[in-house]
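Have a look at this one before I ask anything.
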Amino acid sequence: MTPIESTQPPARLELDKISVGYNGALALRELSVQIPHGGQVAVVGPNGAGKSTLFKALVGLLPLRSGRIFIHGEPLGHHKDCVAYVPQREEVDWRFPVSVAEVVMMGRFARLGWTRRPDKSDHAAVLQALEQMNIASLARRPIGDLSGGQQQRVFLARALAQEPHILLMDEPFTGVDAATQEATLALLDHLKKDGVTVMVSTHDLNMAAKRFETVLLLNRELVSYGSPEAAFSPESIQRAFGGQVLFLNGVAAIVDDCCPGGEEHIHHHHETP
Amino acid sequence: MNILLDPLAYVFIQRGLAASVIVGIICAVIGSYVVLRGMAFLGDALAHAILPGVAIAYLMGTNLTVGALVAAVIVALLIGLFTRQGTIREDTAIGILFAAALSLGVALISSIRTSAVDLTHILFGNILGVSSTDLWMVAILGLVVLAVIIGLYRPFLVVSFDPTLAATLRWPGEFFRILLLVLLALTVVISLQTVGIGLVAAMLVTPAATAYLLTRRLAHMMALAAGLGALSSIIGLYISYYASIASGAAIVLVATGFFLLAFLFAPGRGLVWKR
């Protein structure tokens, strides 16, 4: 099977039956998805569904057991598009001695390479990204001094400074204040205008259904992919979340232990919008 | 004034001072990565793993530093290889290699009947025995390590702070990780002369940890650590001269003194400010 259909432009992101695993066990099995140019996809699934695994495979950090990834028609590793990644907050070493401006400048490293000094346009891009995320006043502060929401904005600003074609965000709505969630959503709208392809992992079904045009429901393999109405059918939710799902009067409620601190909480999702 | 100038009348003390200042600076700069990446155990293990190289070089009648260099680079690459795919945890791999290499070294040295190799010199350094050839070797290797660390500052920063970014930039993260191990091995070898195997880890970790308490920028941390490393070496050597104590130990104790001061009084982060 060729990745490029003769009449259509290549999909911005195409996964062709990819399987990924750590030491023996498969974390993701035979996943095939095509995401068009400028698409915004919420990747939804329970804990351990392979959301982070998928992202790590997409940036080439985890090797594929089988299958292929194409970015704009080119195999992963030979692609020319710029891919940016906003890590989960827990994955970042916040005690590392770097300032906010230094982290955002890292977004320019794709252009600057290993050694070239940043020029005026790089500094301007960094400043603009800081201003857009409303953290310009924190530029010189060490990242460890910031609040959780501010820390998240630093990495969003870095992604902006990167001017990516594809943006991957791992759980950007988890453990941040409402203002930062809104800032993240506003950024998504902004990116949409620029035609940036975005994948966001979340276990907030409400957010995924309300704010995303496309949902990828995942549980170690593809459960469903499409509009929220289609992807979140009761059967699909049952398949993805299994015993954690509760149906009460046509409303699906999911009980999980996804959040740090082990606090149980409930996501409500209306089956019929 | 004479207190400071008197010791410098001797050429061997001049050479010892020069060597320990260079070692103090290089250890502190690469030590910043050792501290930030949690590689302290690795630095210590590398130092001990050098012993068989030194013993074999002695048995073959070649230069001991060359033997140490070969052993250190081999062990660094082996650790890199063992920890590559995460089949065993890094500290486990290091523990195994470190003990095995140390045992091999001890076994070899115990087989040398008339032990002319003074083990204490390898273990604790011999600053006053630094020959001019040794000093050249320390200076050249030190310059190489420093040049690579400064020249490749950006990739080392990215690989240490955010390996995922390195992956999205398609920078060879694995290559830089192993390069850092090799640079660490070179640093350990040049430290052999001054503080010895036993105390290298302290020179790698202590000045860098002190600087970490005093600044929040990596470049500043490296510069400050280098200054502290050099200063500790100078003060330690003078103390060693006047108090007649082992020079390596004196240097490490001075560096530890600076750390304790920073730990107690660092602006905003010291213990006394937290009360």
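The values are calculated or read from the model by the stated rules, or taken from the named source; none is laboratory data. Here the structure is a predicted model, which means the values were calculated and not measured. Note: ideal-geometry Cβ built from the backbone for every residue, glycine included; neighbour counts use all protein chains shown.
For the stretch B:129-169, which residues satisfy the criterion of being among the small types (Gly, Ala, Ser) and within 11 Å of another protein chain (Cβ to nearest Cβ)?
Let us first name the residues in the stretch B:129-169 that are among the small types (Gly, Ala, Ser), namely B:129, B:131-132, B:139, B:142, B:147, B:151, B:160, B:166-167.
Passing the criteria: B:Gly151, B:Ser160, B:Ala166, B:Ala167.
Being more than 15 Å from the chain's Cα centre (by Cα), in a helix (DSSP H, G or I) and within 14 Å of another protein chain (Cβ to nearest Cβ) is the filter here, so list the residues in the stretch B:204-238 that pass it.
B:Thr210, B:Ala211, B:Tyr212, B:Leu213, B:Leu214, B:Leu218, B:Ala219, B:His220, B:Met221, B:Ala223, B:Leu224
Determine which member of the set B:Ile190, B:Ile178 is buried (at least 24 other Cβ atoms within 10 Å of the Cβ) and either away from chain A (no Cβ under 14 Å) or over 30 Å from A:Ala110 (Cα atoms) (or both).
On inspection, the qualifying residue turns out to be B:Ile190.
Let me spell it out: the conditions are (1) buried (at least 19 other Cβ atoms within 10 Å of the Cβ); (2) within 14 Å of chain A (Cβ to nearest Cβ), and B:Pro172 meets all of them except one. Which number is the exception?
Going through the list (1) buried (at least 19 other Cβ atoms within 10 Å of the Cβ); (2) within 14 Å of chain A (Cβ to nearest Cβ), B:Pro172 breaks only (1).
Let me ask something else about it. Which helices (runs of 4 or more DSSP H) does the stretch B:1-61 wholly contain that include 2 or more residues that are at pLDDT 90 or above and among the hydrophobic types (A, V, I, L, M, F, W, C)?
B:11-36
To continue, here is another question. Can we say A:Phe96 is within 12 Å of chain B (Cβ to nearest Cβ) and part of a helix (DSSP H, G or I)?
no
The conditions are (1) closer than 17 Å to A:Asp93 by Cβ; (2) more than 10 Å from chain A (Cβ to nearest Cβ), and B:Leu184 fails exactly one of them. Which is it?
Exception for B:Leu184: condition (1).
So which of A:Ala42, A:Ala11 ends up being more than 13 Å from chain B (Cβ to nearest Cβ) and modelled with pLDDT under 90?
A:Ala11
I'm checking my understanding of the structure. Among residues of the stretch A:106-121 that are in contact (Cβ under 8 Å) with a residue 24 or more places away in the chain and either more than 10 Å from chain B (Cβ to nearest Cβ) or not hydrophobic (A, V, I, L, M, F, W, C) (or both), which one is farthest from A:Asp170 (Cα to Cα)?
A:Arg108
So, in the stretch B:52-63, of the ones that are crowded, with 23+ Cβ neighbours inside 10 Å and in contact with a Ser or Thr (Cβ under 9 Å, 6 or more places away or on another chain), which residue ends up nearest to B:Ile74 (Cα to Cα)?
B:Pro52
Quick one: would you say A:Pro172 is closer than 30 Å to A:Ala25 by Cα and part of a loop (DSSP other than H, G, I, E, B)?
Here the answer is yes, as A:Pro172 does meet what is asked.
For the stretch A:24-65, enumerate the residues that are within 22 Å of A:Lys192 (Cα to Cα), in contact (Cβ under 8 Å) with a residue 24 or more places away in the chain, assigned to a strand (DSSP E or B) and not small (Gly, Ala, Ser).
Of everything in the stretch A:24-65, those that are within 22 Å of A:Lys192 (Cα to Cα), in contact (Cβ under 8 Å) with a residue 24 or more places away in the chain, assigned to a strand (DSSP E or B) and not small (Gly, Ala, Ser) turn out to be A:Val33, A:Ile35, A:Gln40, A:Val41, A:Val43, A:Val44.
When you check B:Ala57 against the structure, is it over 16 Å from B:Leu141 (Cα atoms) and more than 14 Å from chain A (Cβ to nearest Cβ), yes or no?
Details: over 16 Å from B:Leu141 (Cα atoms): yes; more than 14 Å from chain A (Cβ to nearest Cβ): yes.
Yes: the conditions hold for B:Ala57.
Restricting attention to the stretch A:57-114, and to residues there that are of a type in the set (D, E, K, R) and surrounded by 17 or more Cβ atoms within 10 Å (Cβ to Cβ), which single residue is nearest to A:Lys17 (Cα to Cα)?
Within the stretch A:57-114, the first condition is being of a type in the set (D, E, K, R), and the residues that meet it are A:65, A:68, A:74, A:80-81, A:89-91, A:93, A:95, A:102, A:108, A:111.
Filter again for surrounded by 17 or more Cβ atoms within 10 Å (Cβ to Cβ), leaving A:89, A:102, A:108.
Values: A:Arg89: 29, A:Glu102: 38, A:Arg108: 33 Å.
Checked the stretch A:57-114; the qualifying residue nearest to A:Lys17 (Cα to Cα) is A:Arg89.
Among the listed residues A:Glu102, A:Glu91, which satisfies the condition of being facing another protein chain (nearest Cβ under 10 Å), touching a residue at least 24 places away in the same chain (Cβ under 8 Å) and within 23 Å of B:Trp171 (Cα to Cα)?
The unique qualifying residue is A:Glu91.
Among the residues of the stretch B:217-226, is there at least one that is in contact with an Asp or Glu (Cβ under 8 Å, 6 or more places away or on another chain) and free of Cβ contacts under 8 Å to residues at least 60 places away in the same chain?
Yes, there is a match, as at least one residue in the stretch B:217-226 is in contact with an Asp or Glu (Cβ under 8 Å, 6 or more places away or on another chain) and free of Cβ contacts under 8 Å to residues at least 60 places away in the same chain.
Collect the residues in the stretch A:66-93 that are on the phi > 0 side of the Ramachandran plot and part of a strand (DSSP E or B), keeping them in residue-number order.
Scanning the stretch A:66-93 gives a single hit, A:Gly67.
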